[in-house]
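Colleague: This structure is in structure tokens; I'll ask about it shortly.
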Amino acid sequence: MIKRRGWLAACLLLLGVFVWIAPCAAYASLDKGTIQQLIDEAKPGDTVTIAPGEYRGAITIDKSVTLVGEPGTVIVNDAAQPAVTITADGVSVSGITVEQRSMEESTAIELVASNTMLSNLDIHTHAFGIRLRKSNRNEIADNSIQWLGEMSGQEVKMSAKRNGIDLYDSHDNVISGNRISSMNDGIYQESSHRNQVIGNRIDHSRYGIHCMYTEGTIVRGNAGNYNVTGAMVMGVTDAIVEDNSFTKQSENVNSQGLLLFDVHTSTIANNRVEGNRIGFYVEQSSKNDIRNNSIERNFVGIQFLESEGNELQANDFIANVINAEATDSPDNRLTANFWDNFSGIDADGNGRSDISYAINPFFQQLTHQTPAFQLFFQSPGMQFLETMMQSDRSSWTVDIEPLMMPAGQQAMAGKHNSYTFWVSLCLLLISTIIIYNTGVKRT
Amino acid sequence: MNSTKLMKLSVTACLLFLMVMLAGCGGKEYKAVAINEDTAKCAVCNMQVKDDAYATQLVTENGKVYLFDDIGCMHEWEATNPNEEIGASFVRDYNDNEWIKYEDAYYAYDASYRSPMAYGIYSFKDKESADAFVKSQDKGVVMTSAELASHSWQQNTDMMGGMDMSGHDESAHSEMDGDMTMDDASSDAHSH
């Protein structure tokens, strides 16, 4: 009897365990069904709202529906394929957290569609974040993309990581207000034209914004911190890079704020590069308009290599260890930039120096051949040698009329002056009245 | 009897020694260096050189090593530095990343293959694996290093390939033209 009762108890217990486990398993597999089912059942143009909860990937959106996740909606994907694949035009997805766990070469969200909208997604990934292939005129706004974290606590090589937002053969997209952290390249564009990258923040990644062979790209108002390089712009024509701030790119030996390689007829304006190893690195680039940038506290402010016909105007070079270096770069037009290590003479009072500022290429030539000579950076002997090397001075890059005061300060100074004038006049008036009145009454 | 034998022996020993010495003098042994991703930078395009199958390197006779992120950059470097004496150059097997001599490798090329600088050339340690790869991709050609010498080295920058850069200076900015060129571009892309 006791034995039998024991059996029964064991059976009941087992059953209990089964009943308890079964819904969990069913829940997961059923959930996989739910989002996909909801999409399958929806008609084009419908809005599908997903209740909070954890769902399993992968799902495919193949008709133009609007997918809205309520707060707490999570799609987890362990498979090698993308967690969410969008193949239909006009889809909108928002408010979902996506976890792409597989390290396989895949992506959290795959876009093979146009005119879609991806917004307010929170993506944690071991693969790509959002990948666009032959996808045009999409809007990718206000998403957060970050590395999912190390597997079993071991450090992953940076090269094992993939890009946050990756465009290939995709044009006229707008990528704005995204926050990308700890990825390979934050926003990577290859053979993709007229895309607008606006107001994104990228940190702790390899290259913040990486353009390869693009035309008419707009990079505006982005911020990059602690990346290997803020923006790598390569093989590009007619780009506009403005109002960005690239700061503190200095941890890697090859760090730069902004690198231009093989870039032509582009505008680089109003950017702030601060605290990087090299502020602007310009190689094999021509006919670019580089103006009104503030280049501060970098080891090297701007470095020109084999670049010609660029226009540099009204840039402020302040507190860089070396303000500028230039080799094999004839015919660049430098006018009215501010160089803080240069003492100019302004006899005619037009705010511009009457003597020019020439960039000595000696140190750069030396270290280009033997990088180890960088050890002599700013050493007294090197500076002495530099002053000795005055041959071939006519080929040096020269600012013909450097500013006497930073361009940024000048703009402010104008406003400042009239303001202080009126304020002081008012104060003078008031104090005269007070002194006059009270003074007279007392005596 | 014994002394002649000893003579012969010593003479052969001497000869052998000489041969080894001479061989040592003539064929300087070059080795590929390992890639440290934290510091490795392409000598041409400045991009990080990843420790992957696209990485290449060359050693000059002075022992200076140059790393490249794409075999196309190495080709570019050789073209712009014709006076440098190159001791050896190395590429990697696409499948297992083993360093192989540039001359011994087989190369698969197609404009649609993606590589860091879009030269679209992958290297393999033997002809079989190169053939197998091309077959698996259903496109591409296999080349020896000799055949690679006469390769066009065209970068697949997709839309830009056929365009004359000076031809569209003014029009590129307006929205209308932008749309038009996009259509051109996509049709161009399909023809690739």
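The values are calculated or read from the model by the stated rules, or taken from the named source; none is laboratory data. Since this is a predicted model, take the numbers as computed values, not measurements. Cβ sites come from the backbone with ideal geometry, for glycine too, and all protein chains shown count toward neighbours. For accessibility, only protein heavy atoms count, side chains too; no ligands or nucleic acids. Shrake-Rupley method; radii C 1.70, N 1.55, O 1.52, S 1.80 Å.
Colleague: Which residue pairs have Cβ atoms under 9 Å apart, sit 6 or more places apart or on different chains, and have a first residue in region A:84-97 that is within 14 Å of A:Pro52 (Cβ to Cβ) and a second that is part of a loop (DSSP other than H, G, I, E, B)?
Modeller: These pairs meet every condition: A:Gly95/A:Glu70; A:Gly95/A:Pro71; A:Gly95/A:Asn120; A:Gly95/A:Leu121; A:Ile96/A:Asn120; A:Ile96/A:Leu121; A:Thr97/A:Gly72; A:Thr97/A:Leu121.
Colleague: Do you know which residues across region A:217-248 are closer than 22 Å to A:Arg137 by Cβ, open to solvent by 10 Å² or more (accessible area, probe 1.4 Å), part of a loop (DSSP other than H, G, I, E, B) and within 14 Å of chain B (Cβ to nearest Cβ)?
Modeller: Hit for region A:217-248 is A:Asp238, nothing else.
Colleague: Next up: Would you check which residues across region A:146-198 are away from chain B (no Cβ under 14 Å) and either without any contact (Cβ under 8 Å) to a residue 12 or more places away in the chain or β-branched (Val, Ile, Thr) (or both) and list them?
Modeller: Those that are away from chain B (no Cβ under 14 Å) and either without any contact (Cβ under 8 Å) to a residue 12 or more places away in the chain or β-branched (Val, Ile, Thr) (or both): A:Glu150, A:Ser152, A:Gly153, A:Gln154, A:Ile165, A:Ile175, A:Ile180, A:Ile187, A:Val197, A:Ile198.
Colleague: Among residues belonging to region A:134-144 that are over 13 Å from A:Gly95 (Cα atoms) and more than 13 Å from chain B (Cβ to nearest Cβ), point out the one that is surrounded by the most Cβ atoms within 10 Å (Cβ to Cβ).
Modeller: A:Asn138
Colleague: Name the one entry in A:Lys43, A:Lys63, A:Lys3 that is open to solvent by 30 Å² or more (accessible area, probe 1.4 Å), modelled with pLDDT under 90 and either in the same structural domain as A:Ser114 (by TED's automatic domain parsing) or not small (Gly, Ala, Ser) (or both).
Modeller: Working: A:Lys43 fails: modelled with pLDDT under 90; A:Lys63 fails: modelled with pLDDT under 90.
Unique residue meeting the criteria: A:Lys3.
Colleague: Hey, another quick one. When the residues of region A:370-387 are narrowed to those that are closer than 28 Å to A:Thr335 by Cβ and more than 33 Å from the chain's Cα centre (by Cα), which ends up least open to solvent (accessible area, probe 1.4 Å)? Steps first, please.
Modeller: Step one: filter region A:370-387 for residues closer than 28 Å to A:Thr335 by Cβ, giving A:378, A:383, A:386-387.
From what's left, more than 33 Å from the chain's Cα centre (by Cα): A:383, A:386-387.
Numbers: A:Gln383: 83, A:Glu386: 50, A:Thr387: 87 Å².
If we take residues in region A:370-387 being closer than 28 Å to A:Thr335 by Cβ and more than 33 Å from the chain's Cα centre (by Cα), then A:Glu386 is least open to solvent (accessible area, probe 1.4 Å).
Colleague: A further question on this structure: Does A:Gln409 meet the test of being open to solvent by 90 Å² or more (accessible area, probe 1.4 Å), in contact with a helix residue (DSSP H, G or I) (Cβ under 7 Å, 6 or more places away or on another chain) and part of a helix (DSSP H, G or I)?
Modeller: Criteria not met by A:Gln409.
Colleague: Of the conditions (1) within 24 Å of A:Gln81 (Cβ to Cβ); (2) touching a Phe, Trp or Tyr at 6+ places or on another chain (Cβ under 8 Å), A:Ile175 satisfies every one except a single condition; which number is it?
Modeller: (2)
Colleague: Could I ask something else about it? Scan the strands (runs of 3 or more DSSP E) fully inside region A:267-369 and keep the ones with 3 or more residues being open to solvent by less than 40 Å² (accessible area, probe 1.4 Å) and more than 20 Å from A:Gln383 (Cβ to Cβ). Step through it out loud before you land on a result.
Modeller: Numbers: elements: A:267-269, A:272-274, A:278-283, A:289-291, A:294-296, A:300-305, A:311-313, A:316-318, A:322-327, A:333-335, A:357-359.
Answer list for region A:267-369: A:278-283.
Colleague: If only one of A:Arg131, A:Arg101 is within 18 Å of A:Asn163 (Cα to Cα) and surrounded by 21 or more Cβ atoms within 10 Å (Cβ to Cβ), which one is it?
Modeller: When all the criteria are applied, what remains is A:Arg131.
Colleague: Pairs please, first residue from region B:142-154 and in contact (Cβ under 8 Å) with a residue 60 or more places away in the chain, second anywhere and of a type outside the set (D, E, K, R) and buried (at least 16 other Cβ atoms within 10 Å of the Cβ), Cβ atoms under 8 Å, 6+ apart in sequence or on different chains.
Modeller: As it stands, the answer is B:Trp153/B:Gly72; B:Trp153/B:His75; B:Trp153/B:Tyr119, since those pairs meet every condition given.
For every residue, the table says whether it meets (1) more than 14 Å from every other protein chain (Cβ to nearest Cβ); (2) among the polar types (S, T, N, Q); (3) within 28 Å of A:Asp203 (Cα to Cα); (4) over 20 Å from the mean Cα position of the chain (by Cα).
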residue: A:Asn254; (1), (2), (3), (4): no, yes, yes, no
residue: A:Val263; (1), (2), (3), (4): no, no, yes, no
residue: A:Val273; (1), (2), (3), (4): yes, no, yes, no
residue: A:Asn293; (1), (2), (3), (4): yes, yes, yes, no
residue: A:Ser307; (1), (2), (3), (4): no, yes, no, yes
residue: A:Ala319; (1), (2), (3), (4): yes, no, yes, yes
residue: A:Phe338; (1), (2), (3), (4): yes, no, no, yes
